[in-house]
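Please read the structure below before turning to the comments.
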Amino acid sequence: AQSVAQPEDQVNVAEGNPLTVKCTYSVSGNPYLFWYVQYPNRGLQFLLKYITGDNLVKGSYGFEAEFNKSQTSFHLKKPSALVSDSALYFCAVRDSLEDMRFGAGTRLTVKP
Amino acid sequence: DSGVTQTPKHLITATGQRVTLRCSPRSGDLSVYWYQQSLDQGLQFLIQYYNGEERAKGNILERFSAQQFPDLHSELNLSSLELGDSALYFCASSVGGGQGYYEQYFGPGTRLTVT
């Protein structure tokens, strides 16, 4: 069975500093990995995904994520955080046979 | 705007009642997914339809049912409602069905309150 973990409920960073939101996963086959962001009272928005190929994936709004197969991780990163990046971030994993499984979410707060 | 629409935005009803939530996928998307988001359970996958056929089932209660119509819109029916069914219900759509690498696009959600 597949699973995904986001070990931090909350991440706080100062504006202009780099940010990292962590995600680890477990799947039986090759993983398809996704990051979504949810702003208050809105649906989830797709940020980026990893299917195969380069371990560094670039997505929307300057976000990127690094796939690390040996550590089974897919951490979300951004070089310079903005106050407007404050939101709830979800990591999700899927293999070819199973449903998409979402992590519990990490609330990112960027302080001015 | 993801292109996925959901109605209604808010729904308040009493225990024991039945409600229907509606979703229209993005143009060209064949798959529709339903999710429940609550504070204690997080985001839970309920069910997926692909081109009118049930494709996958998650943690969907027997009191809940869904269908996808020939025009690809979908409805989620919730019956014998309980207080614990109060949650945000999201619909999402994607181009593909069986392949796992298609991203899903989410609607704005329907907030259901059961009193």
Response to the item:
Contact order relative to length for segment B:6-109, counting C-alpha pairs under 8 Å separated by 6 or more residues, stands in percent at 34 percent
Worksheet item: To the nearest whole number, what is the average tally of beta carbon atoms from other chains within 10 Å of the beta carbons of peptide A:49-62?
Response: 1
Fill in: Convex hull volume per residue in cubic angstrom - Cα atoms of segment A:1-56
127 Å³
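Evaluate chain B: find the radius of gyration of its Cα atoms, find its Kirkwood radius, and give the ratio Rg to Rh. Mind dumping the intermediate values first?
On the way: Rg = 13.3 Å, Rh = 14.0 Å.
Taking Rh as the inverse mean 1/r over Cα pairs, Rg/Rh reads 0.95.
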Worksheet item: Could you give P(r) for segment A:28-79, binned at 10 Å from zero, as whole percent values over all Cα-Cα pairs?
Response: 24, 51, 21, 3
Worksheet item: Cross-link partners among lysines for A:Lys49, C-alpha distance below 20 Å, same-chain residues fewer than 8 apart left out?
Response: A:Lys22, A:Lys58, A:Lys69, A:Lys77, A:Lys78
Item to complete: Please identify, among A:Pro31, A:Pro40, A:Pro79, the residue showing maximal mean-square fluctuation in a Gaussian network model of chain A using a 10 angstrom Cα cutoff.
Response: A:Pro40
Worksheet item: Pick from B:Ser86, B:Ser74, B:Ser31: which is most flexible by mean-square fluctuation in a GNM of chain B where alpha carbon atoms under 10 Å apart are linked?
Response: B:Ser86
Fill in: Computed over chain A, the ratio Rg/Rh where both radii use C-alpha atoms and Rh is Kirkwood
0.95
Worksheet, complete the sentence: Most exposed first, judged by fewest Cβ atoms within 10 angstrom, B:His10, A:His75 run B:His10, A:His75
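Would you order A:Phe34, A:Phe74, A:Phe102 from fewest to most other beta-carbon atoms within 10 Å of each residue's own beta-carbon?
Working: A:Phe34 30, A:Phe74 27, A:Phe102 22.
In increasing order of surrounding Cβ atoms, one gets A:Phe102, A:Phe74, A:Phe34.
What is the sum of charges, Lys and Arg at +1 and Asp and Glu at -1, for the other residues whose Cβ falls under 13 Å from the Cβ of A:Gln6?
Once positives and negatives cancel, what remains is +1.
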Worksheet item: What is the P(r) of the protein assembly as shown, as percent of Cα-Cα pairs per 5 Å bin from 0?
Response: 1, 7, 15, 18, 19, 16, 12, 7, 3, 1, 0
Discussion item. Using each residue's phi in segment A:72-89, evaluate 6.51 cos²θ - 1.76 cosθ + 1.60 at θ = phi - 60° and report the 3J(HN,Hα) Karplus result to the nearest Hz, with x for Gly and Pro.
Written reply: 6, 10, 8, 7, 8, 9, 8, x, 9, 6, 10, 4, 5, 7, 4, 4, 9, 10
Fill in: Charge context of A:Asn17, other residues only, Cβ under 14 angstrom, K/R +1, D/E -1
+1
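Hey, what does the equivalent ellipsoid look like for segment B:1-53, semi-axes from the Cα gyration tensor as sqrt of 5 times each eigenvalue, largest first, whole Å? Write down the numbers at each step before the final one.
Working: eigenvalues 98, 41, 31 Å².
Those come to 22, 14, 13 Å.
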Worksheet item: For B:Lys57, A:Lys78, what's the fewest-to-most ordering of other Cβ within 10 Å of each Cβ?
Response: B:Lys57, A:Lys78
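No lab work stands behind these numbers, since they all come straight from the coordinates. Please read all numbers here as calculations on a predicted model, not as lab measurements. Cβ sites come from the backbone with ideal geometry, for glycine too, and all protein chains shown count toward neighbours.
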